[in-house]
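First comes the structure, then the notes that go with it.
Values in this text are rule-based calculations from the coordinates and carry no lab data. Computed from a predicted structure; not experimentally measured. With ideal geometry, Cβ positions are generated from the backbone for all residues, glycine too; neighbour counts draw on all protein chains shown.
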Amino acid sequence: MKGLKFISTGRSIPEKVVTNDDMSRIVDTSDEWIRTRTGIHQRHFCEQEDAASLAIGAARQALERSGISPAEIGVCVAATVTPQHASPANACLIQAALGLEEDTPCFDISAGCTGFLYGLEVVRGMLTISPKRYALLVGGEELSRVMDMTDRSTCVLFGDGAGAAVVTLEEGALWAATLGTRGNAEILSVDAVGRAPSYIHVDGQGVYRFAVEVIPHCAKELLAQSGLTLDEVAWIVPHQANRRIVETAAKRLHLDMEKFFLNIDRYGNTSAASIPIALDEMAQQGLLQKGQKVMAIAFGAGLTWGGALFQW
Ligand code: ACO
């Protein structure tokens with residue numbers, strides 16, 4: 001079986017930092033409530049930036065770090081629930097900005113916060129039919145655009161940002177993946193484009209129950225497919241929705257928290273961007289060592305879930 005290898009990563013984060021105290025000046029909330037319920041200390045909101053510039057910025061950084069020329073990219077996919085336009089796709093804007101060749105399929109994926117993991121499987125499939133060796137995959141969101149700033153139960157949870165990776169298909173590379181969907185528009189949704197105002201809606205406890213079910217499910221499925229044990233996995237990179245979700249999932253897997261990478265304190269929930277931003281931070285901080293086995297697991301609107309196991 002052919003698995004994906006990560007060649008490089010990148011990220012783009014808006015300059016403006018919004019602390020919990022800043023949020024408490026907008027809605028009736030407190031730093032203490034947000035920290036203890038979610039683990040979030042601050043998030044970034046777009047001011048000068050937008051969905052397109054974030055996605056392009058992350059993609060450009062990943063491509064530059066890869067040392068691969070734009071002409072070698074065989075497919076460009078962007079995962080997002082907040083694209084710059086309903087159409088054309090963010091991936092088309094990335095193509096234009098980076099000068100990817102015209103024979104490159106470029107399209108977006110809407111799979112909620114699981115978008116980057118759906119994207120990994122999509123580009124893995126696309127690379128089997130591409131004459132070129134590399135794929136550019138981006139997860140990017142401008143969630144501040146769809147947040148109801150009068151609803152304290154949702155507006156404190158999210159942030160803006162984008163992450164990206166250049167990947168290639170390699171014979172014999174460790175790879176296991178699992179994706180799933182439980183069609184449901186009640187627990188988590190974003191209003192249709194063109195509906196004004198368009199907001200994100202969250203049944204927090206519904207998401208919580210769903211998340212603590214599917215994280216252990218994905219981890220066990222990836223272990224079963226690969227024949228590995230959790231001891232052999234160096235890192236679990238979870239979707240950054242809530243620290244308490246990860247703590248509960250860790251308990252259910254009989255793991256301590258050290259194996260889980262968390263940066264939700266600094267970014268909040270950036271939906272499809274959360275996994276690639278986390279991978280990029282880990283790579284840049286030297287936390288990811290060559291040869292380490294890594295699990296990425298996400299869950300989100302759809303309801304969708306997904307996991308991937310690979311070797312760094
Ligand atoms: N500040 C202060 N009080 C608040 C806030 C806030 N920001 N938000 C809600 N409250 C209040 C409510 O009004 C309610 O008050 P009441 O008891 O007087 O009615 C009380 O806090 C409890 O409200 P709940 O919604 O029951 O709060 P809960 O304990 O469930 O915590 C949370 C909410 C953190 C969202 C939790 O449900 C959760 O972690 N959910 C999972 C994560 C999630 O939903 N993330 C969103 C993205 S989904 C994704 O990424 C896939």
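The single condition from (1) assigned to a helix (DSSP H, G or I); (2) of a type in the set (Val, Ile, Thr); (3) within 16 Å of the ligand (Cβ to nearest atom); (4) in contact with a strand residue (DSSP E or B) (Cβ under 9 Å, 6 or more places away or on another chain) that Ile56 fails is (3).
The set of residues in segment 59-86 that are over 22 Å from Asp22 (Cβ atoms), assigned to a loop (DSSP other than H, G, I, E, B) and among the hydroxyl-bearing types (Ser, Thr, Tyr) comprises Ser69, Thr80.
Criterion applied to Leu262, Leu288 was being within 16 Å of the ligand (Cβ to nearest atom), in contact (Cβ under 8 Å) with a residue 40 or more places away in the chain, surrounded by fewer than 22 Cβ atoms within 10 Å (Cβ to Cβ) and among the hydrophobic types (A, V, I, L, M, F, W, C), and the one residue passing it is Leu262. With the condition kept exactly as written, say whether any residue in segment 222-234 is closer than 29 Å to Trp33 by Cβ and in contact with a Leu (Cβ under 8 Å, 6 or more places away or on another chain). No; the residues of segment 222-234 include none that is closer than 29 Å to Trp33 by Cβ and in contact with a Leu (Cβ under 8 Å, 6 or more places away or on another chain). Taken together, the residues in segment 226-238 that are without any contact (Cβ under 8 Å) to a residue 40 or more places away in the chain and within 11 Å of the ligand (Cβ to nearest atom) amount to 0. With the condition kept exactly as written, say whether any residue in segment 42-53 is within 16 Å of the ligand (Cβ to nearest atom) and farther than 17 Å from Arg145 by Cβ. Yes, segment 42-53 contains at least one residue that is within 16 Å of the ligand (Cβ to nearest atom) and farther than 17 Å from Arg145 by Cβ. Residues of segment 121-164 that are within 14 Å of the ligand (Cβ to nearest atom) and of a type in the set (Phe, Trp, Tyr): Phe158 alone.
Anything in segment 165-182 that is within 16 Å of the ligand (Cβ to nearest atom) and of a type outside the set (Gly, Ala, Ser)? List them, or say none. Within segment 165-182, Leu179, Thr181, Arg182 meet the criteria.
Entry remark, segment 291-312: residues being within 13 Å of the ligand (Cβ to nearest atom) and assigned to a loop (DSSP other than H, G, I, E, B) number 1 in total. Residues in segment 212-225 include none that are without any contact (Cβ under 8 Å) to a residue 12 or more places away in the chain, among the polar types (S, T, N, Q) and away from the ligand (no atom under 16 Å from the Cβ). Test Val190 against the criterion of being near the ligand (Cβ under 10 Å from one of its atoms), surrounded by 14 or more Cβ atoms within 10 Å (Cβ to Cβ) and of a type in the set (A, V, I, L, M), and give yes or no. No; evaluated as a whole, the condition is false for this residue.
Residue pairs whose Cβ atoms lie under 7 Å apart, separated by 6 or more positions or on different chains, with the first residue in segment 137-154 and within 24 Å of Ile277 (Cα to Cα) and the second of a type in the set (D, E, K, R) and in a loop (DSSP other than H, G, I, E, B), are Glu141/Asp160; Glu142/Asp50; Glu142/Asp160; Leu143/Asp160; Ser144/Asp160; Thr154/Asp148. Of the numbered criteria (1) within 16 Å of the ligand (Cβ to nearest atom); (2) surrounded by fewer than 17 Cβ atoms within 10 Å (Cβ to Cβ); (3) among the small types (Gly, Ala, Ser), the one Ala241 fails is (2).
May I ask you to verify whether Ala185 is farther than 26 Å from Ile94 by Cβ, surrounded by fewer than 16 Cβ atoms within 10 Å (Cβ to Cβ) and away from the ligand (no atom under 13 Å from the Cβ)? Taking the combined requirement at face value, the residue satisfies it. For segment 9-30, filtered to residues that are near the ligand (Cβ under 10 Å from one of its atoms) and in a helix (DSSP H, G or I), the residue that is surrounded by the most Cβ atoms within 10 Å (Cβ to Cβ) is Met23.
For Ala301, are the conditions met, namely being touching a Gly at 6+ places or on another chain (Cβ under 9 Å) and over 24 Å from Lys2 (Cβ atoms)? So Ala301 fits the description; yes.
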